[in-house]
Amino acid sequence: SVDNGNTLFLPPKSTALDSAFFYFGADGFRVREIQINGKKVHFSQPVFESDYLQFQLDNEDQFQDEWIYQISTGYARSCIYERLRSFPITKKIHIAQKLLQLELDAHYHGYLEEISAKRKTEVAKSLLHKSWEQVLESVADGYLSADLVVKKLHRDSDEKVRSFSLEMYRESTDFKSLSKLVDLMNFYSVKYAHQSTNPHRNGFLDTFVF
């Protein structure tokens, strides 16, 4: 509930800053301080069902680019992304890089700067962007999600197929083993590029390349 006695219904995992946008809409950009149960909290503080919320608004806009990291709801994101679209490209790139690093920290290991420029260019092309900088701009503008970009970065480059081979030796009089193996692969929809049979000792060596 809020200090005027109204009940505020929030999505799960909402933060204090999310609650300000749900309650005030665009005026949420003027929030200067949020208290939960009488105690001043950080804007990223989670809000629970029985919490009592109090807000202090300023006459001036209080927006900071760090706010994008302190929200979890789609509505608050849409409000902030709309504001970010008016930012200069250099600031957008900085914000997007931090968003991608937060996603890396949450689900993967390593640092964004460790990923090669070649891989970033490949990801940009796969996302129909001309450059990695355009990808970062789209992330800051809210047109691309950070989790999608990070997943793309961690996929095998161009999702290349890695080939391997399977060899099976059979005696010269054994024709059933090869037939059974092929039938088994067909049954499980296992595809192979090609198959060859060559004389080997007193039999044959069948090679399947996948």
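The values are calculated or read from the model by the stated rules, or taken from the named source; none is laboratory data. Keep in mind the model is a prediction, meaning the values are calculated, not measured. For neighbour counting, all protein chains shown are included, and Cβ atoms are generated from backbone atoms with ideal geometry for every residue, glycine included. Note: accessible area is taken over every heavy atom of the protein model, side chains too, but ligands, DNA and RNA are not part of it. Shrake-Rupley method; radii C 1.70, N 1.55, O 1.52, S 1.80 Å.
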Q: Can you tell me which residue within the range 1-40, out of those that are hydroxyl-bearing (Ser, Thr, Tyr) and over 19 Å from residue 78 (Cβ atoms), is least open to solvent (accessible area, probe 1.4 Å)?
A: 1
Q.
For the range 128-140: of the residues being in contact with a helix residue (DSSP H, G or I) (Cβ under 6 Å, 6 or more places away or on another chain) and of a type outside the set (Gly, Ala, Ser), which is surrounded by the fewest Cβ atoms within 10 Å (Cβ to Cβ)?
A. 129
Q) For the range 52-107, what are the residues that are among the aromatic types (Phe, Trp, Tyr) and open to solvent by 80 Å² or more (accessible area, probe 1.4 Å)? A) 52, 75
Q | Filter pass, residue 43 being open to solvent by less than 50 Å² (accessible area, probe 1.4 Å), in contact with a Leu (Cβ under 6 Å, 6 or more places away or on another chain) and either under 19 Å from residue 80 (Cα atoms) or of a type in the set (Lys, Arg) (or both) | A | yes
Q | Residue within the range 112-121 that is assigned to a loop (DSSP other than H, G, I, E, B), surrounded by 12 or more Cβ atoms within 10 Å (Cβ to Cβ) and at pLDDT below 90 present | A | no
Q: Could you please find all residues in the range 20-62 being of a type outside the set (D, E, K, R) and in a strand (DSSP E or B)?
A: 31, 34, 35, 36, 46, 53, 54, 55, 56, 57
